[in-house]
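The values are calculated or read from the model by the stated rules, or taken from the named source; none is laboratory data. Bear in mind the structure is a predicted one, so any value in this text is a computation, not a measurement. Because the Cβ atoms are built from the backbone with ideal geometry, glycine has one as well, and the counts that use them run over all protein chains shown. The protein model used for the area step is the full one, side chains on, heavy atoms only, and it has no ligands, DNA or RNA in it. Shrake-Rupley method; radii C 1.70, N 1.55, O 1.52, S 1.80 Å.
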Amino acid sequence: MMDVFLQEALREIREKGLERELQLVDGPQGARTRVNGRTVLNFCSNNYLGLADDPRLKEAAVASIHREGVGAGASRLVCGHTRAHQRLEEEIARFKGAQRCLLFSSGYTANVGIISSLFGPEDRVFCDRLNHASIIDGILLSRVPFKRYAHGDMEALERLLQSGGGKKRAIITDSVFSMDGDLAPLPEIVRLARKYACWVMIDEAHALGVMGKTGKGLAEHFGVETKIDIQMGTLSKAAGCLGGYVCGSQALISFLIQKARSFIYTTALPPSVAASAQRAIAIMEEDPRRREQLWENTRYLQSGLRDRGFDTMQSQTPIIPVLLKESGLAVAFSRRLLQEGIWISAIRPPTVPQGTARLRLTVMATHTQEDIDELLGKMEKIGRELGVR
Ligand SMILES: *Cc1c(COP(=O)(O)O)cnc(C)c1O
């Protein structure tokens, strides 16, 4: 019975060209990665700074494993709060210039826990239409009434804010949008938040280590760090590890420790992961060359794609979409690229809105100019083959 139902549901997904498949990786996340037994150029990893297999991060993990073992043993509030966790939280808080920081197991669980503990049915949340799924899931779990404004549209946001109501009110936004690679207009969001008595929460998942003069994120880029109430982010992307974090006031963090269920009811991160992440933060801070190389590569790839007539939407970051609109075309393009030795995933609804299927390219500091030239040549060739542009 169950399988009949599931087979039918799967057939529907397949017929719409929306089936997702796992690709098997061997070895580290490099500019070249081994997938399904072949070595290909990887343009879909969020490992922006190439830290995921950095020898210093590996060393930190190995040393921690020898000292502390592999598992944390329990949740943070029971007996899983190790010195490695505490040090990392102190490091992130210091780096971000925040009063205090709290770690979660992932960015996903951070968003779910923060939002569901802070807001309830008597409050109001205002949300960019393209916010990450983990923000939406936190909102749904909290049962807070929420209104979505058209992507980046500050006039639409202001109209929503004018309709009163809500005991507590908050604007929540990705800072760098994960599928479009464009930027939230934080100065304007902060101004509207003041005017309409809202808190501001930003998700710096793709901005930590990438945006801002010293890699602190988009709040630093715009110089609005002190005007954001809740800054969350993840250690799984540019930091090359795993773990979500939130930075804010003492009171915010104390409250979350009491209330955030995805913090309380789950086992702490392995201490070795915290040790590696602490090394990653230190490297981000000490070594701006990686970030500079990332931006050099980003500019080179963006202009190369635009010169060849591809629609890269409003991308201003190392996340570069190539808009193809139809899911079938995006999948065909991605398959042809893989045959040619280049790995880029096709992104389709429901991850992106209907009619906006795309390739999502991400560039890393560890790509060489030859890697990018090879990509551009093959994009051009396959684009011509498939009648794109
Ligand atoms: C990836 C991502 C997350 C989730 O972070 P994980 O650490 O991978 O769970 C949250 N928000 C945004 C915007 C993301 O891109």
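With a cut-off of 15 Å between beta carbons, the residues surrounding Ala52 carry a summed charge of +3, where Lys and Arg count +1 and Asp and Glu -1.
Ordered from longest to shortest, the equivalent ellipsoid semi-axes for the range 55-286 are 31, 19, 14 Å, each the square root of 5 times a Cα gyration tensor eigenvalue. Placing dummy labels 7 Å off each Cα toward the beta-carbon, the span from Arg20 to Thr214 is 3.7 nm. Dividing the convex hull volume of the alpha carbon atoms of the range 294-351 by its residue count gives 98 Å³ per residue. Of all DSSP beta bridges confined to the range 55-286, the antiparallel ones make up roughly 40%.
Placing R0 at 30 angstrom, the Cβ-Cβ distance between Arg261 and Gln99 gives a FRET efficiency of 0.85 after rounding to 0.05. Charges were assigned to the Cβ only: +1 to each Lys and Arg, -1 to each Asp and Glu. The resulting dipole of the chain about its Cα centre is roughly 640 debye. Only protein heavy atoms count here; on that basis, with a 1.4 Å probe, Lys168 has an accessible area of about 60 Å². Once both labels are positioned 7 Å from their Cα atoms along Cα-to-Cβ, the gap between Lys227 and Ser303 label points is 3.2 nm. Placing unit charges on each Cβ (+1 for Lys and Arg, -1 for Asp and Glu) gives the range 55-286 a dipole about its Cα centre, and among Ala280, Ile202, Pro145 the Cα reaching farthest toward its positive end belongs to Pro145.
Rolling a 1.4 Å probe over the protein heavy atoms leaves Trp343 with an accessible area of roughly 40 Å².
Considering only alpha-carbon pairs that sit under 8 angstrom and 6 or more positions apart, the relative contact order computed for the chain is 22 percent. Applying the Karplus relation 6.51 cos²θ - 1.76 cosθ + 1.60 with θ = phi - 60° to the range 73-86 yields 3J(HN,Hα) values of x, 6, 5, 4, 7, 8, 9, x, 8, 9, 4, 4, 5, 4 Hz, where x marks Gly and Pro. Placing a label point 7 Å from the Cα of Arg129 along the Cα-to-Cβ direction, the residues of the range 142-183 whose backbone N falls under 12 Å from that point are 148-154, 156-157. Panel values: the chain, Kirkwood radius from alpha carbon pairs, Stokes-Einstein at 20 °C and 1.002 mPa s, translational diffusion coefficient 98 µm²/s. Over the range 133-196, accessible surface divided per residue gives 43 Å², non-protein components excluded, 1.4 Å probe. For Val25, the solvent-accessible surface with a 1.4 Å probe is about 50 Å², rounded to the nearest 10.
Each Cα pair under 8 Å and six or more residues apart adds its separation to the average, and for the range 55-286 the resulting relative contact order is 31 percent.
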